[in-house]
Ligand code: GLU
């Protein structure tokens, strides 16, 4: 058995039932097999054994009172995965599906993603099995305050800097920040995605979506093409999807779908900026269902379905993990889709990824394509340390440059390891080598 296969077996044996974590590790290790052959020093120092084991996992009870005065109990987590190249950094997810396996998959992806950003950030992830859907503002605030009442002792501007993810936006970050400040009596950059008036960064909220489109532009540039007039399918309708559509519109592409957990809408005329304004209001203010878009603009609503059967040039899966399986991948390919840029984390199943790689389309895996969000979080941390803020133009220019650097680094690594244009291989290898070398330098810790 190869070294990487031994490690995969170890991970499966030691972490039973954590299927998403197994899936992420499997994909990473498949890419790393040639690296291990070239670098026997990694095996000697048991770098992989250490790499797949989080440095620390914190699991805690989150008690809170709902609006009826009834006690509610959730489970909170913070997975501090790897701090070899910087403090732990990564979002918090509030969603009923959150469990340890999901946060470990997100954590290990974050380690590689953050390494690719060129900034000094280790990887972490956290959250709770709390469902913000249908909760009042008061309930969300009480939950956030209780969550931070435990989390505060584990984080800090030089230790661990959480941010948002699914179910955690500017409102939740505000409540979490307020509670930290109250407990510690300290105004420091312990979270990113903060409000603009109290330490936040311009372009942070746009950054994941914009970055995923910038990454798509870079992939297309290798074939001397642009996004102009490309028909695009986007899934999701949250923060990432919204700003993906905004940037695609700006670049002259036509976006024809958006989705939520109830189904997807197909608008053959394209989701213009005016129609997108309705989505912003529907999803960010009223928290309504996507069908309302179809009712309002005469588009088609497909209940309980995903948008992958729609004919397109490019797809931007921007909802959640495993939303695109091998059959969906085949449908996209059969319909002529030749670019996929993952705005979500691990939205494509392993077999789906293999289909895209076999077909040699432009496939940008999440850890590269959606790194713009955390990269801009890194820029927020930099501004907080300087107690200064940069203009939108400055940040957008930096974001574009970071996405280009990530693209070029992954592309170069794919060439160096003999599979030009395989961004899965390239980003896993480039992200890993930087972390592995830092781990070697720092000794057995
Ligand atoms: N949740 C985002 C991600 O998956 C952003 C994390 C951050 O800004 O720390 O990368």
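From 186, 206, 218, grab the single residue that is surrounded by 15 or more Cβ atoms within 10 Å (Cβ to Cβ) and more than 16 Å from the ligand (Cβ to nearest atom).
218
Hey, residue 293 hits all of (1) assigned to a helix (DSSP H, G or I); (2) under 30 Å from residue 101 (Cα atoms) but one; which does it fall short on?
(2)
What are the residues in the stretch 169-179 that are touching a helix residue (DSSP H, G or I) at 6+ places or on another chain (Cβ under 8 Å) and surrounded by 21 or more Cβ atoms within 10 Å (Cβ to Cβ), if any?
172, 176, 177
Among the residues of the stretch 163-182, count how many are under 15 Å from residue 238 (Cα atoms) and away from the ligand (no atom under 13 Å from the Cβ).
So the answer is 1.
We did not get these values from a lab; they are worked out from the coordinates using the rules stated. Computed from a predicted structure; not experimentally measured. A quick note on method: Cβ atoms are made from the backbone with ideal geometry, for glycine too, and the neighbour counts reach across all protein chains shown.
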